[in-house]
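Just so it is clear, none of the values below were taken in a lab; they were calculated from the coordinates. Note that the structure is predicted; figures quoted are calculated from it, not measured. With ideal geometry, Cβ positions are generated from the backbone for all residues, glycine too; neighbour counts draw on all protein chains shown.
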Amino acid sequence: MIAKIDKGYIVAHNFHGKVKKLYNSLEWTIWLATIRNCSVSTINMYARTMERFWVWTLYNDVRENESFAFYLARYREALLNGYKIEENVFDTYLQADVSVTINDEQPKTKQTVNKSLAGIKSYMYYIDESELVENKNFIDINSV
């Protein structure tokens, strides 16, 4: 889900009964608007892209010794081919587990996939940049 909060958006998902928020998604969307001067439609598209990626990551673990580049390549292939995420949920009325479709993505074109990857890269760039600024151990004050 994407929730509008003041000047930005929070990306979150109800994962096994607990809301999992995407780290710094609100700050990222505000950064897109104020620093990157992105239009509202671009911010909405990037937020939807990150929501889709966030949900996919919650249900698709990183494989042993898999780098982020290969993980992202797996996601790209999933977008190109289409994918479905289902979860078994206990239905109190039926008193049984029921399969619920969380996400059912139809195959995307390469152009659409590239736009999605641009949104993900924007988020990763923001996280990387904000970590460098906030963690002074990364900044060599003698070189300034």
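E86 satisfies every condition listed in (1) farther than 23 Å from Y125 by Cα; (2) in a loop (DSSP other than H, G, I, E, B); (3) not hydroxyl-bearing (S, T, Y) except (2). If you check every pair at least six apart or on different chains, which have Cβ atoms under 8 Å apart with a residue in the range 78-98 that is at positive phi first and a residue that is of a type in the set (D, E, K, R) and not in a loop (DSSP other than H, G, I, E, B) second? From the range 78-98, the pairs are G82/E105. Taking the numbered list (1) farther than 16 Å from Y123 by Cβ; (2) assigned to a strand (DSSP E or B); (3) in contact with a helix residue (DSSP H, G or I) (Cβ under 7 Å, 6 or more places away or on another chain); (4) among the aliphatic types (A, V, I, L, M) in turn, V100 passes all entries but (3). When residues of the range 21-75 are filtered for being polar (S, T, N, Q) and either in contact (Cβ under 8 Å) with a residue 60 or more places away in the chain or surrounded by 14 or more Cβ atoms within 10 Å (Cβ to Cβ) (or both), how many remain? Looking only at that region, the number is 8. Residues in the range 42-71 that are hydrophobic (A, V, I, L, M, F, W, C) and closer than 16 Å to E87 by Cβ: W54, V55, W56, L58.
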